[in-house]
Structure formats: structure tokens, C-alpha cells
Amino acid sequence: MRLEEILYTQGFGTRRVCAGLVQQGFVSVAGVVTTDAATEFIADGLHFSVQGVPWLYQAKAYVLLHKPAGTECSHKPSTWPSVYTLLPGPLRQRPQKGPIQGVQAVGRLDQDTTGMLLLTDDGQFIHRMGSPKHHVPKVYEVTVKHPLDDQQVARLLAGVVLDDSPIAVRAAACEAVGPLHLRLTLTEGKYHQVKRMVAAVGNRVEALHRSQMGGLALPADLAPGQWRWLSAADLAAIKG
Ligand code: URA
């Protein structure tokens with residue numbers, strides 16, 4: 001693939017801007033500055049840098065963000081900064097694929113929820129992950145206001161009815177790991193589901209953190225606000 005096209009697919013701007021970046025000597029491939037925008041490279045696995053920023057060619061981008069509290073999973077946030085501002089420009093500007101431009105969050109977390117958020121420009125992946133057929137288990141660490149008792153845990157496991165549906169929703173797993181700390185696994189993602197389930201058993205969520213999706217845990221070295229690429233192995237682990 002031509003170097004200008006590689007940059008374009010990765011979100012570095014229009015084809016004209018990408019050609020300009022190369023011609024002005026801002027792009028190096030394997031440490032060597034290349035000023036001919038038409039130079040052909042094998043795109044898969046290509047490491048290059050643009051204005052000193054290292055990049056890895058990805059036909060589709062899959063990233064993991066450690067969402068900090070006080071951010072909204074929306075491009076047009078109402079009150080808090082958008083999670084998308086935590087990502088580098090090229091990830092947000094990757095060319096339109098179907099209805100999607102740039103990476104999009106795979107499901108949403110509330111403004112005050114922290115932890116694992118996946119983003120991708122792979123529309124099929126977003127669709128699969130949201131589909132009830134796939135049931136990717138998501139683990140939440142929940143800090144509650146009132147001391148937990150066995151009955152609350154039992155009710156969360158047995159199923160509670162929420163206000164928008166007569167069908168009970170239940171936790172796939174639930175354990176009290178401290179007097180005020182619940183570890184809850186859900187396989188669906190209804191609006192405010194953890195908060196509403198905990199409220200339905202007479203308690204209240206004080207803090208919520210998503211620590212695991214499928215078989216992938218949030219890496220301990222990924223600080224709030226940081227992101228990293230997901231590898232093929234990470235994606236396989238998520239799907240289980
Ligand atoms: N459940 C909630 O209530 N909030 C979230 O952000 C995620 C799950």
C-alpha cells in the first residue's frame with residue numbers, strides 16, 4: 001500500500017494532508033525518513049512514526065481505555081469531558097466505515113463509572129458485543145453504601161425486576177468481598193443495570209468499576225485515562 005494511503009487509513013488526515021506529511025519529512029518507517037508518498041509498503045504489522053509519534057498499522061482499530069471517573073462515553077457530552085478526548089486524534093479521525101467514523105465505544109459506562117472500556121471502528125464487533133446472543137460476562141467491583149447481607153447477594157443471584165421490564169434480571173455471579181464491596185458479573189448491559197439492581201435489593205451504589213470483560217482483566221499497569229491497543233490474543237480472551 002502507498003505510504004500516503006497507509007497514513008490516510010490510520011486517520012492522519014485527508015489523502016492530500018497525508019501526502020504533505022510524507023513530503024515534508026514528518027514520516028519515518030522503521031526509523032528512516034521517507035519523503036516519497038507513493039512508496040509502497042506491506043501495511044500489515046508496519047511500524048512508522050508521524051512527527052515523532054510511533055504508530056502501528058491496524059486495518060481495524062481495537063483499543064482498551066481505562067475510563068476515569070468524570071468522563072462521558074459520548075461524542076457530544078452534556079456536562080463532563082468526553083472519553084474520546086483521551087484518545088489520540090488519528091483514532092478519532094479514522095475514515096468513515098459505514099456509519100462509523102473513528103473508533104466508537106463498545107457499549108457505554110456511566111459518567112462516574114471507572115474501568116474497562118473497549119473502542120473500535122469495527123461495526124460488526126460492536127454489534128456482536130452488544131447482542132444478547134453473545135453474553136460476554138462483565139465483572140463489576142461495586143462499593144455500596146450500606147453493609148451487605150446474604151439476602152441481598154441471594155436476591156441479586158435469583159433475579160430482580162427493574163422498572164422497565166417485567167422480566168427479572170439476575171447476576172451471573174455475585175459475592176460480597178467485603179462488608180461494603182460486591183463483585184458482580186453481568187452478561188447483559190441494560191441502562192444503569194448495576195445501580196438499578198443494587199437499588200432493587202435496598203442498597204445503593206457509591207462507586208462502580210468494571211474490572212473484566214470475558215477473559216480479559218484490566219491490566220494493573222494501565223492507569224486511569226490511559227489506553228492501549230488490544231492484541232488478537234486480548235480479543236480472543238474477551239470473546240471467551
Ligand atoms: N451498570 C451501571 O449501573 N452503570 C454502568 O456504568 C455500568 C453498568
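None of the figures in this text is laboratory data; all of them are computed from the coordinates on show. Remember, it's a predicted structure, so these values are computed and weren't measured experimentally. Here the Cβ is made from the backbone with ideal geometry for all residues, glycine too, and neighbour counts use every protein chain on show.
Considering only Cα atoms, the convex hull volume of the chain works out to 138 Å³ per residue. The string of couplings for region 5-22 from the Karplus curve (6.51, -1.76, 1.60, θ = phi - 60°) is 6, 4, 4, 4, 5, 8, x, 7, x, 5, 4, 5, 4, 5, 4, x, 4, 5 Hz, one whole number per residue in order, with x for Gly and Pro.
Dividing the radius of gyration of the alpha carbons in region 137-240 by their Kirkwood radius gives 1.00 for Rg/Rh. Partner aspartates and glutamates whose Cα lies under 20 Å from the Cα of Lys76, excluding those fewer than 8 positions away in the same chain, are identified as Asp110, Asp112, Asp121.
Packing-based ranking of 153-163, 107-117 yields 107-117, 153-163, ordered from highest to lowest mean Cβ neighbour count within 10 Å.
Look at the alpha carbon pairs under 8 Å that are at least 6 residues apart: their mean separation over the length of the chain gives a relative contact order of 19 percent.
The convex hull drawn around the Cα atoms of region 3-56, when projected onto a plane and averaged over every direction, covers 3.0 nm².
For the peptides 56-67, 29-40, residues were scored by their other Cβ atoms within 10 Å and the scores averaged per peptide; the highest-first order is 56-67, 29-40. Straight Cα distances below 22 angstrom link Lys138 to the lysines Lys67, Lys190, Lys195, Lys239, with same-chain residues fewer than 8 positions distant left out.
For the chain, adding -39500 (n - 2.57) for each run of n ≥ 4 DSSP H residues and dividing by the number of residues yields -6000 deg cm²/dmol at 222 nm. If I take every Cα pair under 8 Å that is 6 or more residues apart in region 28-91, average their sequence separation and divide by the length, what percent do I get for the relative contact order? In percent, rounded to a whole number, it is 19.
Distance from the alpha carbon centroid of region 155-188 to that of region 4-58 works out to 48 angstrom.
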